[in-house]
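Beneath this line is the structure, given in structure tokens, with notes to follow.
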Amino acid sequence: MKKQYVRLLALCLAGGLLLLSSLSLHPDAAEAKPSQKATWFWDTPQIKDSADDILSFAGSQGVNVLYLQMNRDVRPEYYRSFIRQAGVQGIEVHVLGGAPNWALESERHRLETFIQWTAEYQASAAPNERFTGIHVDIEPHVLAEWKTNQSSVVKQWQASVRYLVDEAHKLNLPIGSDMTFWLHTYQLADQSMSISRWMIKQFDQIVIMAYRDQADNIYNLAASELKEADELGKEALIAVETKSSNEGAYITFFEEGTSYMEKQLSKVCTKAEKHPSFSGFAIHDYRYWKELHDSDR
């Protein structure tokens with residue numbers, strides 16, 4: 001993707017919230033798009049009684065996109081109130097859903113339920129109470145079938161993605177997806193392109209899960225998918241982890257804390273801003289991030 005802009009890094013705040021200024025070589029160029037800082041919120045029932053606390057923390061950390069899980073046990077009125085309050089603070093709320101088995105044809109009913117709930121919610125909510133996007137987390141590589149019949153899983157996954165993207169766009173909502181950093185190393189069955197490239201082509205945005213605790217390692221893991229997103233004209237966020245991991249201390253910022261994380265994200269920002277696709281950061285996830293932040297005090 002070629003742009004007639006000079007992309008300047010205007011500011012990398014300590015919290016990792018980057019502000020990119022895209023200054024055109026031509027006076028009539030479009031204005032720069034705002035950068036994003038996102039987090040996942042899985043424990044949706046908390047919005048009933050803790051909306052102020054959630055949004056206060058999000059605002060203090062520069063969050064402007066919140067992925068909020070769809071939970072049918074939470075009444076729509078709580079979603080409406082929460083989204084309305086978030087909007088006042090300049091925070092977008094995207095409806096969140098997903099599980100590894102969402103890739104499988106046998107589980108299509110779960111996707112249909114998710115889409116139907118979202119459509120009904122959007123229709124019943126006022127404009128300032130509606131979701132402004134859809135975000136999915138589908139990681140079929142953790143399924144047993146990934147090892148035994150990967151080609152079949154990938155084909156089913158592709159069908160699920162086509163369905164979700166089509167339905168999201170019918171609702172006039174952009175749709176983004178989490179993506180493992182190594183997906184570019186796997187090819188489609190016909191060898192036409194990497195699985196990551198195919199996925200990036202479908203979605204409006206991807207979140208690259210580059211879970212490491214050093215800036216160089218974070219950027220290096222994300223670089224291949226960033227390049228593919230550059231070429232396809234799509235947005236890409238880089239995600240990091242704050243939850244304790246049994247895979248090793250290098251996976252997460254759990255041991256180092258949020259101040260150290262913020263410094264590393266600033267360094268990542270400097271490295272990644274050369275990519276036209278680079279649109280910000282995502283921190284996984286709200287609960288563990290806040291716990292880590294509170295423990296730093």
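The values are calculated or read from the model by the stated rules, or taken from the named source; none is laboratory data. On a predicted model such as this, the values are computed, not experimentally measured, just so you know. Reconstructed Cβ throughout: ideal geometry from the backbone, glycine too, with neighbour counts over all protein chains shown.
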So which of 203, 253 ends up being buried (at least 20 other Cβ atoms within 10 Å of the Cβ), touching a residue at least 40 places away in the same chain (Cβ under 8 Å) and under 15 Å from the mean Cα position of the chain (by Cα)?
-> 203
Enumerate the helices (runs of 4 or more DSSP H) found wholly within the stretch 117-216, keeping only those where 3 or more residues are touching a helix residue (DSSP H, G or I) at 6+ places or on another chain (Cβ under 9 Å) and at pLDDT below 95.
-> none
Somewhere in the stretch 228-248, is a residue in a helix (DSSP H, G or I) and either in contact with a Phe, Trp or Tyr (Cβ under 6 Å, 6 or more places away or on another chain) or without any contact (Cβ under 8 Å) to a residue 24 or more places away in the chain (or both)?
-> no
Answer yes or no: is there a residue in the stretch 189-198 that is among the hydrophobic types (A, V, I, L, M, F, W, C), in contact with a Ser or Thr (Cβ under 7 Å, 6 or more places away or on another chain), surrounded by 17 or more Cβ atoms within 10 Å (Cβ to Cβ) and under 19 Å from residue 157 (Cβ atoms).
-> no
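In the stretch 171-188, which residue that is within 14 Å of the chain's Cα centre (by Cα) and buried (at least 20 other Cβ atoms within 10 Å of the Cβ) is farthest from residue 69 (Cα to Cα)? Please lay out each step first, then the result.
Restricting attention to the stretch 171-188, the residues satisfying the condition of being within 14 Å of the chain's Cα centre (by Cα) are 174-181.
Keeping just the survivors that are buried (at least 20 other Cβ atoms within 10 Å of the Cβ) gives 175-179, 181.
On the way: 175: 14, 176: 14, 177: 13, 178: 14, 179: 17, 181: 23 Å.
Of everything passing the filter in the stretch 171-188, 181 is farthest from residue 69 (Cα to Cα).
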The correct count of residues that are in contact (Cβ under 8 Å) with a residue 40 or more places away in the chain, more than 16 Å from the chain's Cα centre (by Cα) and under 18 Å from residue 52 (Cα atoms) in the stretch 82-109 is 3
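Find the residue count for the stretch 65-84, including only residues that are under 11 Å from residue 47 (Cβ atoms) and either in a helix (DSSP H, G or I) or touching a helix residue (DSSP H, G or I) at 6+ places or on another chain (Cβ under 7 Å) (or both).
12
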